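What follows is a short report on a single structure.
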Amino acid sequence: MSSFAEIRPEVFWVGARHPELEVFDELFPTRHGTTYNAYLVRGSEKIALIDTVKGLFTDEYLDKLQKLVPLSDIDVVVVNHTEPDHSGALGRLLEINPDIEIYCTRAGENFLRQIYEIPFRAHAVSDGEELSLGDKTLRFLAAPNLHWPDTMFTYLPEEDLLFSCDAFGAHYCGDGLYNDQVEDFSAEFHFYFDTIMRPFKASIREATAKLDGLSITLLCPSHGPLLRRDPLKAINAYREWAAAPPPSAHKQVLLLTLSPHGNTRSMAGAVREGLEEAGAQVTEFGLVDLNDELVREELERADALVIGSPTINRDAPPPVWRVLSLLSSVTPKGKVGAVFGSFGWSGEATKLIEERLRGLKYQLPVEGLSFRFTPTAKDMDACRDFGRKVARSLTPAV
Ligand code: FEO
């Protein structure tokens, strides 16, 4: 697809394909590359673009546009999201046509003014506001945190078409433009949700609620195939994956331990007794065979996270840092943490893990507990007391 494609009457895909991309944003592996989808809507009175492309593809993008309209005739660029993979061609476009007015959220305008040192005319839209292009209408639906504070959807009611920005996308560049023209990419669709959208489940619930009652027969995300076969399936998948965890009669505690010589695990046994004595329900995993997906699920179910770690070479070992690195990729139910561990020489791990949890805005209701080598009977009593205090700190009282 080196050229544009008409996806509805006078509505065109003008994006870019990047099939050879192996790692998106130098963060996420992309086995089948990605696409940067952008669109042109040619109304009877005004011409609007929906997003642009990554800067690397600016020439290709402008070339596609010029086959459809003189660039000087473009009236509006809708910036659903300012991240540079979608706004990367904006600077060149504005140099060519400085009269373009940008429609975006207030956060989007602020971000654009900081990302690009270019003067531009901007209109910050309100939720539900409409812009008439003559025979076509653009309706802007605020969708903050999918996945930046600036994000919004743009709905084209005359065509039952939603430009959904990053939401409902996939890093997948197939042979065809639409989901019914490519191989099954459900794994990429789910991976994309997990890596990009998952931390924002509450926002996803709010945004998908705004789509209730909207007729959508074509869902046009910013990455991957356009969804014309069963577009609601993608929206319902987000609803399901972003659902709030079911309520539980007991407070849930996730207890994660790493214990090279069994001492930290002995402490964990006593901590668990204390937690359960005080009414908490405990799920315990060793970190030696960490399963990211399983831990993510449990983190989202838990009211509190309790970590038991040894100190090795004056630090917490890599499996502990690994699990700490997962915390920002989930929507935790509760943000209460507690840390304990056995050490041989110096015992820095407990404090370092506590600092990390504090940095992630966790509450630490009980001071970390560390003992040297094998915990004594008195130490084990202290561990039980530690567990009881953590459980009791969870509200409502267990
Ligand atoms: Fe595809 Fe958040 O940019």
(message) Report the gain in length on full extension from ARG113 to LEU27: 0.36 nm times residue separation, minus Cα-Cα distance, nm rounded to one decimal.
(response) 28.4 nm
(request) Estimate the FRET efficiency between GLN181 and ASP385 by the formula 1/(1 + (r/R0)^6), using the beta-carbon distance for r and 51 Å for R0, to the nearest 0.05. (result) 0.20
(request) Compute the signed sum of charges (Lys and Arg +1, Asp and Glu -1) over the other residues within less than 12 Å, Cβ to Cβ, of ASP292. (result) -2
(message) For the chain, what does the helix formula give at 222 nm: sum of -39500 (n - 2.57) over DSSP H segments with n ≥ 4, over the residue count, nearest 500 deg cm²/dmol?
(response) -8500 deg cm²/dmol
(message) Based on the alpha carbons, how large is the Rg to Rh ratio for the chain when Rh follows Kirkwood?
(response) 1.09
(request) Mind grabbing the accessible area of ASP175 for me, 1.4 Å probe, Å², rounded to tens? (result) 150 Å²
(request) For region 30-138, just say rounded, prolate or oblate: build the C-alpha gyration tensor, square-root its eigenvalues into a ≥ b ≥ c, call rounded for a/c under 1.5, and beyond that prolate if a/b exceeds b/c, oblate if not. (result) rounded
(request) Return one whole number: the accessible area per residue of the chain in Å², for a 1.4 Å probe. (result) 43 Å²
(message) Please compute the modelled spin-label separation between THR217 and GLU129, points set 7 Å along Cα→Cβ, answer in nm with one decimal.
(response) 3.0 nm
(request) Report the calculated FRET efficiency for ARG121 and GLU158 (r = Cβ-Cβ distance, R0 = 25 Å), to the nearest 0.05. (result) 0.45
(request) Excluding residues on the same chain fewer than 8 positions from LYS46, give the lysines whose Cα lies under 22 Å from its Cα. (result) LYS64, LYS67, LYS136
(request) Using 0.36 nm per residue of separation minus the Cα-Cα distance, give me the extension gain between GLU273 and VAL288 in nm, one decimal. (result) 3.2 nm
(request) In whole angstrom, note down how far apart the Cα centers of region 205-274 and region 66-117 are. (result) 34 Å
(request) Taking a cut-off of 17 Å between Cα atoms, list the aspartates and glutamates near LYS361, but don't count ones fewer than 8 places away on the same chain. (result) GLU300, ASP303
(message) So if each residue of separation counts as 0.36 nm, and I subtract the Cα-Cα distance between SER346 and ASP59, what length gain in nm does that give?
(response) 97.5 nm
(request) Tally up the carbon and sulfur contribution to the accessible surface of the chain as a whole percent, 1.4 Å probe, everything protein left in place. (result) 50 percent
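The values are calculated or read from the model by the stated rules, or taken from the named source; none is laboratory data. No experiment lies behind these values; they were computed from the predicted model shown. All Cβ positions, even for glycine, are placed from backbone atoms using ideal geometry, and neighbour counts span all protein chains on display. Just so you know, the surface numbers come from the protein's heavy atoms only, side chains and all, with ligands and any DNA or RNA stripped out. Shrake-Rupley method; radii C 1.70, N 1.55, O 1.52, S 1.80 Å.
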